[in-house]
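Okay, so here's the structure we're looking at.
The values are calculated or read from the model by the stated rules, or taken from the named source; none is laboratory data. Predicted, not measured: the structure shown is a model, and the values here were computed from it. When we count neighbours, we look across all protein chains shown, and the Cβ atoms used for this are built from the backbone with ideal geometry, even at glycine. Ligands, DNA and RNA are stripped out before the accessible areas are found, and what is left, the full protein with its side chains, is counted by its heavy atoms. Shrake-Rupley method; radii C 1.70, N 1.55, O 1.52, S 1.80 Å.
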Amino acid sequence: MQGLRHLVLVLGDQLDLEAAAFDGFDASQDAVWMAEAQEESTHIWSSKQRIALFLSAMRHFAQALQDAGRPLHYHRLDHTDAAAPQDSLGARLQADLARLAPQRVVMTAPGDWRVFQQLKAVVEAAGLTLQVCDDRHFFTTVREFAAHAKGRKSLRLEYFYRELRQRHQVLMDEGEPAGGQWNFDADNRETFGAKGPGAVPPRSSFEPDALTREVIALVNTRFADHPGTLQSFAWPVNRAQALQALEQFVTERLPLFGRYEDALWPGEPWLYHSHLSSALNLKLLNAREVVQAVEAAYRAGHAPLQSAEGFIRQILGWREYVRGIYWTQMPGYLERNALNAQEELPAWFWTGHTDMACLREAITQSLEHGYAHHIQRLMVTGLYALLLGVRPQQVHEWYLSVYVDAVEWVELPNTLGMSQYGDGGLMASKPYVATGKYIQRMGGPCKGCRYDPGLREGDKACPYTTLYWDFLMRHEALLAKNARMALQVKNLGRLSEEQKTAVRQRADAIRRGEVGAGAGAGA
Ligand SMILES: Cc1cc2nc3c(=O)[nH]c(=O)nc-3n(C[C@H](O)[C@H](O)[C@H](O)COP(=O)(O)OP(=O)(O)OC[C@H]3O[C@@H](n4cnc5c(N)ncnc54)[C@H](O)[C@@H]3O)c2cc1C
Ligand code: SF4
């Protein structure tokens with residue numbers, strides 16, 4: 001194209017026709033640029049589900065752009081050589097800037113520090129201006145978060161969340177929080193009891209269309225050795241499907257979301273969660289419309305406040321908060337390791353081949369669907385890695401690889417900060433540590449497990465329980481300084497020296513891989 005004014009870059013997680021980068025878009029002199037680059041699936045060993053979702057959603061968005069009459073330069077992965085040494089977004093853009101010679105490059109603020117640095121460097125090297133627009137998908141900008149954080153000794157979600165509720169008038173009644181309380185967290189911790197959840201509504205699932213089937217075939221050949229499988233692929237891949245998934249969640253699951261937000265149950269991966277994170281993170285859904293739909297359901301009497309508030313706290317609270325943490329802390333955040341954890345992630349995290357029933361289930365389901373709900377991520381897989389003492393960077397790579405909703409701005413603070421305490425308390429006020437009894441209480445599959453969550457020592461001792469006490473001993477000096485850990489640390493005093501030695505010995509055996517590994521899925 002001659003005389004190109006703006007080249008608008010659209011990344012795989014920016015699939016929104018209304019994004020700020022399109023403001024003032026003029027089809028007669030501007031064009032859109034999108035690229036599927038090998039490096040985006042290989043810089044970490046991305047799971048098949050995650051690659052397929054991104055590629056399918058990108059190709060559907062390319063169609064939407066064409067339908068909207070916006071000229072598009074799109075690079076397909078299958079038109080490149082799989083062995084191409086440097087198939088990166090940067091390399092592709094560099095070649096296209098030389099070819100298309102735009103006056104300016106425009107993009108919406110990206111979600112990944114690495115990608116942003118790469119693209120910025122390429123644009124600057126071409127002597128061009130990169131215009132970065134605020135991402136209107138979010139309620140806040142990173143500047144606003146930085147202003148909130150300035151001068152505070154510690155950052156806590158609660159104050160930030162309350163500010164946003166007020167500023168955006170979400171769940172507010174005449175200046176007061178709806179129901180007279182900001183937070184119904186205490187009502188979000190019920191379990192299903194001995195009878196279990198009964199019939200849970202099926203997940204919203206979308207039969208792969210021709211475009212998605214083509215992507216699945218591509219991923220199965222080109223990324224055959226990547227983790228996971230694609231048989232169950234049913235994620236929303238375009239805006240219409242995402243809207244349908246939102247409606248179905250609000251109608252069928254939201255009423256019980258709050259009550260069972262923290263619950264586990266064997267064989268039930270979906271429960272009352274929304275499964276909307278990937279649609280949100282790809283920007284197929286706008287965070288505002290999701291919050292509005294949930295508040296409207298509460299106002300209409302369709303969902304109780306504990307569900308609406310609990311859900312909105314995740315989106316308006318946590319989601320915005322972790323984004324602020326990521327962009328104000330990068331790049332140093334990626335390297336933080338406050339507990340000096342140096343163990344390797346057990347190899348069975350990539351297969352699910354462990355005899356620990358809760359981990360086997362959470363990992364197998366993650367590889368099969370690219371999904372696990374929050375308590376599985378935080379208190380099953382994350383907790384195990386934390387107690388074992390795995391390097392946070394390895395844990396981060398696993399989460400970034402496996403989940404369909406994994407984009408670094410949201411994955412990294414949740415993994416390194418909230419789950420692994422790698423940032424020394426910036427995200428979480430204390431390490432989230434517990435014994436196997438917690439997993440049992442929340443409805444985990446302990447009944448069918450060869451271990452006993454109540455045992456700390458001996459052959460049948462649950463590895464979580466052993467490692468929990470070992471964790472307290474290893475970090476006693478640090479944890480003793482944390483008022484919120486005082487009781488847990490004090491309980492260490494109940495253990496005799498012999499018991500402590502037995503715990504340490506078994507913890508060492510677990511670390512050597514002599515406990516926990518081995519049994520295949522379904523064992
Ligand atoms: C170790 C770890 C890694 C995680 N990695 C990711 C990730 O890569 N991408 C991601 O979107 N979420 C991540 N989370 C947060 C959370 O677990 C997922 O958002 C959630 O499980 C997605 O399922 P859902 O859509 O059914 O969520 P629901 O339970 O239905 O929650 C509703 C929505 O709230 C948002 N949300 C909930 N919790 C969080 C949170 N802690 N931080 C930010 N947003 C939140 C999500 O958009 C989610 O869709 C991670 C959590 C942990 C502990
Ligand atoms: S006994 Fe321990 S390892 Fe087994 S399912 Fe329960 S918590 Fe998990």
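Paramagnetic label reach from Asn337 (point 7 Å along Cα→Cβ; backbone nitrogen cut-off under 18 Å): within region 486-512, residues 511-512.
Across the alpha-carbon atoms of region 344-481, the computed radius of gyration and Dmax are 14.3, 41 angstrom. Which FRET efficiency value, to the nearest 0.05, is calculated for His79 and Leu128 with the Förster distance at 25 angstrom and r the Cβ-Cβ distance? Rounded to the nearest 0.05, the efficiency is 0.50.
Across the chain, C-alpha contacts under 8 Å between residues 6 or more apart give a mean separation that, scaled by the residue count, equals a relative contact order of 16 percent.
Less than 5 angstrom separates the built amide H of Ala517 from those of Asp355, all sequence-distant by 5 or more or on a different chain. So what is the accessible area of region 128-217 per residue, in Å², with the probe set to 1.4 Å? Accessible area per residue, region 128-217: 57 Å². With the simple model of a label 7 Å out from the Cα in the direction of the Cβ, Ala240 to Glu498 spans 7.2 nm.
For the chain, the longest principal axis of the C-alpha atoms and the axis of helix 463-474 are separated by about 90°.
With 31 Å as the limit, the listed pairs Lys120/Lys153; Lys153/Lys283; Lys447/Lys481; Lys120/Lys283; Lys430/Lys500; Lys153/Lys500 have Lys120/Lys153; Lys153/Lys283; Lys447/Lys481; Lys153/Lys500 beyond it between alpha carbons. For the chain, build the charge dipole from Cβ charges (+1 Lys, Arg; -1 Asp, Glu) around the Cα centre, then report which of Thr381, Val122, Thr501 sits farthest towards its positive end. Farthest along the dipole direction, towards plus: Thr501. Extension gain for Asp185 to Ala101 (0.36 nm times residue separation, less C-alpha to C-alpha distance): 24.9 nm. Tell me whether region 247-327 comes out rounded, prolate or oblate; compute the Cα gyration tensor, take square roots of the eigenvalues as a ≥ b ≥ c, and use a/c under 1.5 as the rounded threshold. Oblate, since a/c reaches 1.5 and b/c is not below a/b.
Taking amide H as placed 1.01 Å from N in the peptide plane, Asp209 has no amide H partner under 5 Å among residues 5 or more places away or on another chain.
Glu252 exposes around 80 Å² of accessible area when a 1.4 Å probe is run over every protein chain in place. For Val142, the accessible area of its heavy atoms, probed at 1.4 Å with every protein chain present, is near 40 square angstrom. Please report, to two decimal places, log10 I(q)/I(0) for region 130-185 at q = 0.30 Å⁻¹ as given by the Debye formula with identical point scatterers on the Cα atoms and no solvent. One equal scatterer on each Cα of region 130-185 leads to -1.21. Spatially, region 1-49 and region 387-453 are offset by 33 Å when compared through their Cα centroids. Based on DSSP H segments of at least four residues, each scored -39500 (n - 2.57), the chain has a per-residue ellipticity at 222 nm of -12000 deg cm²/dmol. Projecting the Cα atoms of His43, Leu467, Ala279 onto the dipole axis of the chain, where Lys and Arg carry +1 and Asp and Glu carry -1 at the beta carbon, places Leu467 farthest toward the positive end.
The Cα atoms of the chain define a convex hull whose projected area, averaged across directions, is 25.2 nm². Per-residue Karplus couplings for region 270-279, computed as 6.51 cos²θ - 1.76 cosθ + 1.60 with θ equal to phi - 60°, are listed in order as 9, 6, 9, 7, 8, 6, 9, 4, 5, 5 Hz, Gly and Pro entered as x. The charge dipole of region 78-204, taken about the Cα centre with unit charges on the Cβ atoms of Lys, Arg (+1) and Asp, Glu (-1), comes to about 320 debye, rounded to the nearest 20.
Computed over protein heavy atoms with a 1.4 Å probe, the carbon and sulfur contribution to the accessible area of the chain reaches 49%.
In this structure the amide hydrogen of Gln131, modeled in the peptide plane, comes within under 5 Å of the amide hydrogens of Val105, Val106, Met107, none closer than 5 places in sequence on its chain. Counting only Cβ charges, +1 for Lys and Arg and -1 for Asp and Glu, the dipole size of region 195-341 around its Cα centre is about 180 debye. Per residue, region 16-92 exposes 38 Å² of solvent-accessible protein surface, assessed with a 1.4 angstrom probe and all protein chains in place.
Among Leu246, Leu487, the sequence by solvent-accessible area, most first, with a 1.4 Å probe is Leu487, Leu246. Solvent-accessible area per residue in region 360-406 equals 17 Å², computed with a 1.4 angstrom probe and all protein chains kept. Each Lys or Arg adds one and each Asp or Glu subtracts one; over the other residues with Cβ under 14 Å from the Cβ of Ile375, this totals -2.
Per residue, the average separation of C-alpha pairs within less than 8 Å and at least 6 apart gives region 415-468 a relative contact order of 26 percent. Averaging the Cα positions of each part gives two centres, and for region 490-515 and region 163-185 these lie 46 Å apart. Placing a label point 7 Å from the Cα of Asn220 along the Cα-to-Cβ direction, the residues of region 37-72 whose backbone N falls under 16 Å of that point are 48-53, 56. If R0 equals 35 Å, the separation of the Cβ atoms of Ala483 and Gln231 corresponds to a calculated FRET efficiency of about 0.10. Note on Arg512 and Asp26: the model spin-label points, each 7 Å out from Cα along the C-beta direction, lie 7.3 nm apart. Which residues does a label at Tyr432 reach in region 319-361, if reach means a backbone N under 13 Å from a point 7 Å past the Cα toward the Cβ? Backbone N within reach: 319.
When +1 charges are put on Lys and Arg Cβ atoms and -1 charges on Asp and Glu Cβ atoms, the dipole computed for the chain relative to its Cα centre reaches about 1280 debye. In order along region 65-72, the Karplus-derived 3J(HN,Hα) couplings, from 6.51 cos²θ - 1.76 cosθ + 1.60 at θ = phi - 60°, round to 5, 5, 4, 7, x, 9, x, 9 Hz, and Gly and Pro are given as x.
Each of Ala245, Phe257, Ser232 was scored by the projection of its Cα onto the charge dipole of region 202-289, and the greatest displacement toward the positive side belongs to Ala245; charges sit on the C-beta of Lys, Arg, Asp and Glu.
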